[in-house]
Amino acid sequence: MGPAGHSKRGGIIPGIGGDTAGADQALWSSGAQDAATVYTRMFAPELGIYEDPATGSASGPLGCYLVHHGVVAPEKARALLNLQGRKLDRPSWLHISIESANGAISRVRVGGESVFVAEGSFEV
C-alpha cells in the first residue's frame with residue numbers, strides 16, 4: 001500500500017473534500033469496466049452527508065493525487081473521467097483535466113453537466 005492507504009488500483013483519501021479534520025473520505029478505484037478513468041464514492045456522515053453522488057470539489061484534488069502518485073501519467077491527465085454516484089442510482093460523470101509543467105501541477109479543471117434537484121431559501 002502507498003500513501004493514504006492506496007495501491008495503483010484504489011484507495012481511501014481522508015479529508016479530500018476540504019475538511020481538515022478528515023470528516024469526509026473518498027474511496028476510489030481505477031479498475032473501472034467502462035469509459036471511466038476512476039470510480040469514486042464520497043462519504044461525509046459527520047457533516048450530514050451520507051454519500052454524495054457528485055463531488056466536484058473533491059474531483060480536482062483526486063485528479064492531482066492520481067497524477068502525483070503515478071496512478072495516471074501526466075500526459076493522460078488532461079482528459080480524466082470520474083464516475084461517482086452509481087451505487088446511489090444517481091450516476092454522475094465528472095470530467096477532470098490536470099495540466100503540469102516540469103513535474104508540477106499548473107492547472108486543474110473540473111466540469112460536467114448538472115440537473116436541478118431542489119430549491120429553497122433562508123433569511124439571515
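General observations
- Residues F116, F43 in ascending order of nearby Cβ atoms (within 10 Å, fewest first): F116, F43.
- Here's how it looks for R78: its modeled amide H is under 5 Å from those of I98, which are all 5 or more places away or on a different chain.
- Each of V124, V110, V115, V38 has some number of other Cβ atoms within 10 Å of its Cβ, and from fewest to most they run V124, V115, V110, V38.
- Residues L94, L83 in ascending order of nearby Cβ atoms (within 10 Å, fewest first): L83, L94.
Read the figures in this text as sums done on the coordinates, not as results from a lab. This is a predicted model, so every value here is computed, not measured. Don't worry about glycine lacking a Cβ; one is built from the backbone with ideal geometry, like all the others, and counts go over all protein chains shown.
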